[in-house]
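Every read-out reported here was derived from the displayed coordinates using simple, explicitly stated rules and does not represent laboratory data. Values in this document were obtained by computation on a predicted structure and should not be read as measured data. Virtual Cβ from ideal backbone geometry, glycine too; neighbours counted across all protein chains shown.
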Amino acid sequence: MSVAGLIRMGDNTLVLGQRLSEWCGHAPALEEDIALANMALDLIGQTQLWLGLAASREEAGRDADALAYHRDAWDFRNLLLVEQPNRDFGVTMMRQFLFDCWHFEVLQALAAHPDAEVSAIAQKSVKEVTYHRERSSDTVIALGDGTEESRGRMQGALDRLWPYVGEMFSTDDDDLTDMTALRPAFDAYAETVFAQATLTRPDSDFAHMGGKTGARHSEHLGHMLATMQVLPRSYPDATW
Amino acid sequence: MVTTRASVQEVWTWLDAVPDPEIPVISLVDLGIIRDVQWQGEQLEITVTPTYSGCPATTIINLEIETALRARGVENLSLKRQIAPPWTTDWMTDAGKAKLERYGIAPPQPSGGPDHCPRCQSTRVEKISQFGSTPCKAQWRCTECLEPFDYFKCI
């Protein structure tokens, strides 16, 4: 069982959880603000489980906090999708939708993983993520099949983020499950939501790569980590 | 000095008096998060399952369990976290659901939403948001009495 695979799972939830929490106090409506913060909370909770297990398995004297706060951008193994900036609410919710659809399929597969601890985390997380996917699907449909302005923004968000979908389904030996095998279920679900949202899936399957392998993150990750890590790095004895 | 060890049943009764830190009207036992109580030799082991992975109340809950049992004279105590099988609102007791309703929080329903307003009983209710003030709740509104209310999500 690969520690690198556990770190990938934990880095995805950590980076997206941090991105979502950037909305706290800024969302377009109070209910949306609360919803985004709640999803961030679920994802950070899942991060504690994944990175906690990674830390105990690698036996290098680190804990989940050490992995989160004391690694640099090139050590992170998250997908490029989750480090993309929030931009407007439409881009945030489209990013969430694409991630939730992938996340749901991965966790369903991992619930049957032979490693009992991996399976337990997946069984716990998939309940939360089912709810996330339901919500982001509803929002994509409401805004896509909404006004001319909201539809234009959602199609723009889909066009912008689609090149980050391919990386989610690239796979290697470090992954906890064969990611490529999950693509048909993802496509089938996403397609039904796009149809209801009157959105058109881009033709090109060009994919940006390099996040999950750590080969080449986008410039956005470093800026995000600077904000996220500054406190524990500046005050190593801080407790919370 | 002779000390008598509390029975498992007694411990359950004590835990049933420990309120949930976020929704103090129900107890930890009502919530269904205490999965097991047993003596391992001289040590009392309490198995607790978290509601939501990121719920900030989890650490407070552990602290309250410990405080309550120490106050009853239990000195050798361990708390075990169990995440599988994952917590479900099916584990909430009927007494707990009734207490929630009386408190103004609509209890979880298998249909995925409340069928009536916990304040005025009207069936004219609508969803405001899938998320509420804590991870375990959603926001609904009654279109009869016009009051918003919390709904305890069914998971």
Note on region B:8-90: contact order normalised by length, alpha-carbon pairs under 8 Å, 6 or more apart, percent, works out to 30
Restricting attention to chain B, give the cysteines that have no other cysteine Cβ less than 4.7 angstrom from their Cβ. B:Cys55, B:Cys136, B:Cys154
Treating the Cα atoms of region A:27-87 as identical point scatterers in vacuum, please give the log10 of the normalised Debye intensity I(q)/I(0) at q = 0.18 Å⁻¹, two decimals. -0.79
Report relative contact order for chain A in percent, whole number only (criteria: Cα-Cα under 8 Å, sequence separation at least 6). 25
All aspartates and glutamates inside 12 Å of B:Lys153 as judged from Cα atoms, apart from same-chain residues fewer than 8 positions distant: A:Glu128, B:Asp90
Here the net charge surrounding B:Gly113, from other residues whose Cβ is less than 10 Å away from its Cβ (Lys, Arg +1; Asp, Glu -1), is 0
With the radius of gyration and the Kirkwood radius both derived from the Cα set of the protein assembly as shown, what is their ratio Rg to Rh? 0.99
HN-Hα J in Hz across region A:121-137 - Karplus 6.51, -1.76, 1.60, θ = phi - 60°, x for Gly and Pro: 5, 5, 4, 5, 5, 5, 5, 5, 6, 4, 5, 4, 5, 4, 5, 5, 4
Compute the helix-to-body angle for A:219-234: its Cα long axis versus the longest principal axis of chain A, expressed 0 to 90° and rounded to tens. 40
Need one number: % antiparallel among DSSP beta bridges in the protein assembly as shown, to the nearest 5. 70
Degrees separating the helix A:148-161 axis from the principal Cα axis of chain A, which is the longest one: 40
Cα atoms only, region B:8-90: Rg and Dmax in Å? 12.0, 34
Hey, fewest Cβ within 10 Å first, where do B:Ser111, A:Ser136, A:Ser21, A:Ser56 land in order? B:Ser111, A:Ser56, A:Ser21, A:Ser136
Quick check: the angle from helix B:94-103's long axis to the longest principal axis of chain B, C-alpha only, nearest 10 degrees? 50
Could you please report the charge total around B:Ala138, scoring K, R as +1 and D, E as -1 over all other residues with beta-carbon less than 12 angstrom from its beta-carbon? +1
What is the spin-label model distance, in nm, from B:Glu147 to A:Glu58 if the labels are put 7 Å beyond Cα along the C-beta direction? 5.2
Using a simple charge model, +1 on the beta-carbon of Lys and Arg, -1 on the beta-carbon of Asp and Glu, nothing else, what dipole does region B:44-155 show about its Cα centre, in debye to the nearest 20? 80
What is the sum of charges, Lys and Arg at +1 and Asp and Glu at -1, for the other residues whose Cβ falls under 15 Å from the Cβ of A:Trp240? -2
Just the Cα atoms of region A:3-234: what Rg and Dmax do they give in Å? 16.9, 54
Kindly write out, for region A:79-94 in residue order, the coupling ³J(HN,Hα) from the Karplus curve 6.51 cos²θ - 1.76 cosθ + 1.60 (θ = phi - 60°), rounded to whole Hz, with x marking Gly and Pro. 5, 4, 3, 6, 8, 4, x, 5, 6, 8, 4, x, 5, 4, 6, 5
Of all GluC sites (Glu not before Pro) in region B:1-63, which ones are in loop regions per DSSP and have a Cβ with at most 15 other Cβ atoms within 10 Å? B:Glu42
With charges only on Cβ, +1 for K and R and -1 for D and E, what is the dipole size of region B:104-152 about its Cα centre, in debye, rounded to 20? 60
Karplus 3J(HN,Hα) series, Hz, for region B:76-86 with 6.51 cos²θ - 1.76 cosθ + 1.60 (x for Gly, Pro): 9, 9, 9, 10, 10, 8, 10, 9, 10, x, x
For a quick check of your reading of the filter: which GluC sites (Glu not before Pro) in region A:41-118 sit in a DSSP loop and have no more than 15 other Cβ atoms within 10 Å? A:Glu59
Contact order relative to length for region B:104-152, counting C-alpha pairs under 8 Å separated by 6 or more residues, stands in percent at 37
Loop-only check: which chymotrypsin sites (Phe, Trp or Tyr not before Pro) in region A:128-210 are DSSP coil with at most 11 other Cβ within 10 angstrom? A:Phe206
Given N residues in chain B, what is its alpha carbon radius of gyration divided by 2.2 N^0.38 Å? 1.18
